[in-house]
Structures are given as C-alpha cells and as structure tokens.
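Heads up, the thing below is written out as structure tokens.
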Amino acid sequence: VGMIYKVRHMISNDLESIALIGYDATDCLRRHLKKRNGIGVVAELNDHVIGYMLYEHNPDSMGIIQLVTYSEFMRCGIASSIIHQLIEKSRRIRKKKIVAVVNERNLAALLFFKKHGFRAVHILPDHYETGDAYVMELNLC
C-alpha cells in the first residue's frame, strides 16, 4: 500500500516544519516567497511536511531553487511527484524549459534530474564552496 500524500502551495506556517527537514534558513525562504516570481510547494503526509520545492517563474522557464525530501521519505517518489507537477504546470503555461543548478558532488540529485529527462548543459566553475555546479535543463518544446 502506497503513502497518500498531497502536494500544495507553501504557506508561512510551513517554515517551521521545513526547518525540521534540515534547512533552517527561514529568512532565505521568506525572501524567496516574497519575490514576485518566487513559489514554494510542500508535500504533506498526515498534516506533516515531508518535502518541499522552491522555484521561480522566469519569462521562458521555471528555475528550481531547491528540492528537498525528509531523509526517511527519500526514494519514495515524493520528489518525483513534485517534479512531475512542475513539468505539467510548465507545459500548461507554455514555458520552454525547466532549469536546476546542481552541485557536482551531489550525485543523487544529478541522477534524479537525469532520470526525469534533464541534461547537463553548462558547468559553473566554483559555484559552490565545495566546487563546480552543473546547469541541468529539461527542454519542454
């Protein structure tokens, strides 16, 4: 039997739950959500946040800022469900692509995005303190 969770828009009350996932930068989250093009969604199971994504609307694309799942729920399809909803929404509103910047050392994220059709199109040298980043894109046209 699979888990029944829902994905919904993030609200300010979610910030405390998100901090428990391991991202305790509520100021950064608040700034993102206050931006005109900044959007957040959460995956919720039994009224508990188990994952979230921050993304932004750009003129021709969607930019994924963060996609995080609570560790005990990794590899359960939650991030895939969130990404599929973003892909559907992006196609519906005729965006040309979805972009994510991924740390070169984050093999799980690189493989996740590759599995969902993203390709590495650029390298950003020294983007992170730990090294380079890959710009991953999913073309929707």
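Per residue, what accessible area does the chain have, given a 1.4 Å probe and all protein chains present, in Å²? Mind dumping the intermediate values first?
On the way: 8760 Å² over 141 residues.
Here the residues of the chain average 62 Å² of exposed surface.
So what is the 222 nm mean residue ellipticity for the chain from helices alone, if each DSSP H run of at least 4 adds -39500 (n - 2.57) and you divide by all residues, rounding to the nearest 500 deg cm²/dmol? Walk me through the numbers before you get to the answer.
Working: 4 runs with 40 residues, N = 141.
Dividing the helical sum by the residues of the chain leaves -8500 deg cm²/dmol.
Rolling a 1.4 angstrom probe over the protein chains, ignoring ligands and nucleic acids, what is the accessible area of residue 3 in square angstrom, nearest 10?
Surface open to solvent at residue 3 totals about 80 Å².
Leaving ligands and nucleic acids out of the surface, order 134, 52 by accessible area at 1.4 Å, largest first.
Details: 134 70, 52 0 Å².
Ranked list, largest accessible area first: 134, 52.
Let me cross-check residue 35: its accessible surface, 1.4 Å probe, with only protein heavy atoms counted, in Å² to the nearest 10?
Roughly 90 Å² of residue 35 is accessible to a 1.4 Å probe.
Can you pull the one-decimal nm distance between simple spin-label points at residue 37 and residue 6, each 7 Å off the Cα toward Cβ?
3.0
Can you return the lysines within cross-link range of residue 34? Criterion is Cα-Cα under 25 Å, with same-chain partners fewer than 8 residues away left out.
The reachable lysines, counting only those whose Cα sits under 25 Å from residue 34, are 6, 89, 95, 96, 97.
The values are calculated or read from the model by the stated rules, or taken from the named source; none is laboratory data. Everything quoted here is computed from the prediction, not taken from an experiment. When we count neighbours, we look across all protein chains shown, and the Cβ atoms used for this are built from the backbone with ideal geometry, even at glycine. Quick note on the areas: whole protein, heavy atoms, side chains included, nothing else; ligands and nucleic acids left out. Shrake-Rupley method; radii C 1.70, N 1.55, O 1.52, S 1.80 Å.
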